[in-house]
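Notes for the one structure printed next.
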Amino acid sequence: MVRDTPIGVLIRNNGSDPSIVITNSNFENIQNIVLVRQNGDILLRGPDHIDLWATGKRYEGSKGKFEKGPVRNVPPRPASLLSKDGKLFVQSRPQWRDLNASSFLVATDYSADNSGTGDQAAAINAFLRDAAAQGAVASFPAGIYRVESTITIPRGSKVQGSS
């Protein structure tokens with residue numbers, strides 16, 4: 001639910017509108033749902049509920065053309081993406097309020113470098129194994145972790161990151 005704001009989504013136009021998809025969303029007291037900052041064009045104004053709306057290139061086979069508006073002829077969603085009531089499955093982000101600071105391990109404290117230099121796969125894998133073994137949340141601070149081989153997340157791990 002997005003409510004009580006003059007603009008729901010503000011986009012910057014660099015010569016062509018970006019691709020945006022809005023699905024299964026509710027809006028309340030929103031003047032403009034999608035507005036282009038550069039020229040003030042309103043791409044989408046009310047309704048209160050949007051099943052599926054998009055702006056951008058749409059393809060049939062290999063032929064694409066720019067369109068905006070409700071999406072029709074939507075292929076069925078795979079059952080694995082649906083909840084028991086047939087809606088898209090959604091899971092809220094974990095809430096960590098019941099955990100204290102010692103319940104978190106930080107990747108950069110375990111030799112994983114987030115500066116974008118050097119292969120961090122071994123350090124990240126060791127960090128993830130340690131965090132899982134301790135039942136701790138493996139926390140990755142914002143940055144670039146260069147990886148040149150497979151990362152394995154142990155079963156039952158709790159992982160969170162920042163951007």
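Readers should treat all values here as calculations from the given coordinates under stated rules, not as data from a laboratory. What you are looking at is a predicted structure, and each value in this text was computed from that prediction instead of being measured. Backbone-built Cβ (ideal geometry, glycine too); neighbour counts: all protein chains shown.
3J(HN,Hα) along the range 64-71: x, 9, 6, 9, 9, x, x, 9 Hz, from the Karplus curve 6.51 cos²θ - 1.76 cosθ + 1.60 with θ = phi - 60°, whole Hz, x for Gly and Pro. Stretching Val147 away from Ser162 to a fully extended chain increases their span by 3.7 nm, per 0.36 nm per residue minus the current alpha-carbon distance. Values of log10 I(q)/I(0) for the range 83-134 across q = 0.12, 0.20 Å⁻¹ run -0.47, -0.80, by the Debye formula with one identical scatterer at each alpha carbon and no solvent. The magnitude of the dipole of the chain, with charges of +1 and -1 set on the Cβ of Lys/Arg and Asp/Glu and taken from the Cα centre, is near 480 debye.
Three principal axis extents describe the C-alpha atoms of the range 101-161; from largest down they are 29, 22, 15 Å. Think of the chain as having a plus end and a minus end, set by charges on the Cβ of Lys, Arg, Asp and Glu; of Pro78, Ala112, Val147, Pro78 sits farthest toward the positive end of this dipole.
Just so you know, the averaged projected area of the alpha carbon convex hull for the range 52-156 sits at 11.4 nm². Around the amide H of Val137, modelled in the peptide plane, lie the amide H atoms of Phe104, Leu105, all under 5 Å away and 5 or more residues distant in sequence or on another chain. Charges were assigned to the Cβ only: +1 to each Lys and Arg, -1 to each Asp and Glu. The resulting dipole of the range 101-161 about its Cα centre is roughly 240 debye. Estimated at 0.36 nm per residue, the fully extended path between Arg3 and Asp48 surpasses their Cα-Cα distance by 15.2 nm. Backbone geometry of the range 128-136 corresponds, through the Karplus equation with coefficients 6.51, -1.76 and 1.60 at θ = phi - 60°, to 3J(HN,Hα) couplings of 5, 5, 4, 4, 5, 4, 8, x, 8 Hz, x marking Gly and Pro. What you get for the range 1-89, charging only the Cβ of Lys and Arg (+1) and of Asp and Glu (-1), is a dipole of about 320 debye around the Cα centre.
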